[in-house]
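Participant: Quick one: structure below, then a few questions.
The values are calculated or read from the model by the stated rules, or taken from the named source; none is laboratory data. These numbers come from a predicted model, not from an experiment. Cβ placement follows ideal geometry from the backbone for every residue including glycine, while neighbour counts extend to all protein chains displayed.
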Amino acid sequence: MKNFLSKFDQGSITDEQIAFGMHFSYRNARRLFREAWLLTIVGSFDRAMALCVLSLEELGKIPLLLNAILLDEKDLKAWKEFWRKLRSHPSKQAVWSHYGRRLEQFKSPDTRFFQDKYPHGMEPLLDKLKQCGFYVSYFDGRFMEPRTFAISNWKWLRYLLGSVRNRIRAFKKMHGTLKRAAPLARSPT
């Protein structure tokens, strides 16, 4: 088992691997969002809420992966930190606060997809919404099943669905196909 686990998340990666990672993260986020949307149609709001947060986290990998093009392949300490952040739920959730602000600073036309940017420090709430979508929780003085929690917090699900949809739209032109993602991972020469 240790040999199997040692094959995950370690070492340096090439620009081409970065491009694959960004594209695959985009595709998986899109699938998670589609499944979340389908779950809302059948009334499974709890699981939909959790999948929306997972989709945001998957999309959060894209900027984190893009940052990896700046890492020296021999700097093992930097790569270890990169992999730690890529596995970290709060890191993948926090990227959206920073990303939206940076788009605004650069006056990017894609800023329109991030009008719903959430305030810095919202990561613990996102993680709690994800957990409450799967597990019985003690909330506001009583135990709640995931479904009851989600129905009681419908506004958060609507917000998450909109946020994820907008971020998927924003990344589509860069990561919708592998051909589009590959040039983004080219190191400057």
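Participant: Can you name the number of the only condition in (1) touching a Gly at 6+ places or on another chain (Cβ under 9 Å); (2) of a type in the set (A, V, I, L, M); (3) at pLDDT below 90 that residue 182 fails?
Facilitator: Among (1) touching a Gly at 6+ places or on another chain (Cβ under 9 Å); (2) of a type in the set (A, V, I, L, M); (3) at pLDDT below 90, residue 182 violates only (1).
Per-residue answers, yes or no, for (1) more than 11 Å from residue 46 (Cα to Cα); (2) outside any strand (DSSP E or B); (3) touching a helix residue (DSSP H, G or I) at 6+ places or on another chain (Cβ under 6 Å); (4) among the small types (Gly, Ala, Ser):
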| residue | (1), (2), (3), (4) |
| --- | --- |
| 131 | no, yes, no, no |
| 147 | no, yes, yes, no |
| 150 | no, yes, yes, yes |
| 163 | yes, yes, no, yes |
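Participant: Sort out which residues of region 67-86 are surrounded by 12 or more Cβ atoms within 10 Å (Cβ to Cβ), part of a helix (DSSP H, G or I) and out of contact with any helix residue (DSSP H, G or I) (no Cβ under 7 Å at 6 or more places or on another chain), and write them in order of number.
Facilitator: 67, 76, 78, 79, 80, 81, 83
Participant: Go through the residues of region 8-26 one by one and say whether even a single one is closer than 17 Å to residue 157 by Cα and out of contact with any Gly (no Cβ under 7 Å at 6 or more places or on another chain).
Facilitator: Checking region 8-26: not a single residue is closer than 17 Å to residue 157 by Cα and out of contact with any Gly (no Cβ under 7 Å at 6 or more places or on another chain).
Participant: Please specify each residue of region 72-88 satisfying the condition of being under 18 Å from the mean Cα position of the chain (by Cα) and under 10 Å from residue 12 (Cα atoms).
Facilitator: Residues satisfying the conditions are 82, 83.
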